[in-house]
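I have a structure here, written as structure tokens, and I will follow up with some questions on it.
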Amino acid sequence: MQIYINQLIEDLTAAQNKKQSLNQSPTHESFEDYIAEVERYLNGEGEEPIGDILGMKEECFPPANRLTEKQLNTVSDAYLECLESWNVSIDLPDNLPAALKYTLLINTLKQKIIAMDSGITHLELCHYDSEWCPFGIKFCRCIETDKDKEFMNSI
Ligand SMILES: [Zn+2]
């Protein structure tokens, strides 16, 4: 399995956005380009599943129970690094168990985003409904929000 994991890490590294790593300065050349990009974004144009952008399929990733904790963390880190190169950030609670984190991350391959040269796409996995939270009650931060809601209702 380790050989397969090494290959997976290589693939994830290869899937990083080269444009950005070569050119550290903002990539939009002109104000017009920037405006065009914002307009595309507002129109929801060019939405693509993350997996298509990276050229990676969910099937490439073994089920979490086949991997060791270390392998789970290595793949999760490589995946997050790859997303970062595409200006995508995922909001994850700290101390999430390795297997849950890995599984949630791999699930985001299906999520549609617009690859942007400027600005950051924030992926929210928790939709502030603790009952349905993918992180589970223990790690969900929407509990706080629910408490806040109760509090707001009580005044
Ligand atoms: Zn939550």
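Would you say Phe151 is open to solvent by 60 Å² or more (accessible area, probe 1.4 Å) and either at negative phi or part of a loop (DSSP other than H, G, I, E, B) (or both)?
Against the criterion (open to solvent by 60 Å² or more (accessible area, probe 1.4 Å) and either at negative phi or part of a loop (DSSP other than H, G, I, E, B) (or both)), Phe151 qualifies.
Going by the conditions given, is Ser154 farther than 30 Å from Val38 by Cα, near the ligand (Cβ under 10 Å from one of its atoms) and hydroxyl-bearing (Ser, Thr, Tyr)?
Here the answer is no, as Ser154 does not meet what is asked.
Pick out the one residue from Asp129, Asp91 that is touching an Asp or Glu at 6+ places or on another chain (Cβ under 7 Å) and more than 30 Å from Ile3 (Cβ to Cβ).
Criteria check complete, one pass: Asp91.
Restricting to the stretch 99-139, name every residue that is among the β-branched types (Val, Ile, Thr) and within 16 Å of the ligand (Cβ to nearest atom).
Thr103, Thr108, Ile137 - these are the residues of the stretch 99-139 that are among the β-branched types (Val, Ile, Thr) and within 16 Å of the ligand (Cβ to nearest atom).
The values are calculated or read from the model by the stated rules, or taken from the named source; none is laboratory data. Note that the structure is predicted; figures quoted are calculated from it, not measured. So basically every Cβ, Gly included, is an ideal-geometry build from the backbone, and we count neighbours across all protein chains shown. SASA here: full protein model, heavy atoms, side chains in, ligands and nucleic acids out. Shrake-Rupley method; radii C 1.70, N 1.55, O 1.52, S 1.80 Å.
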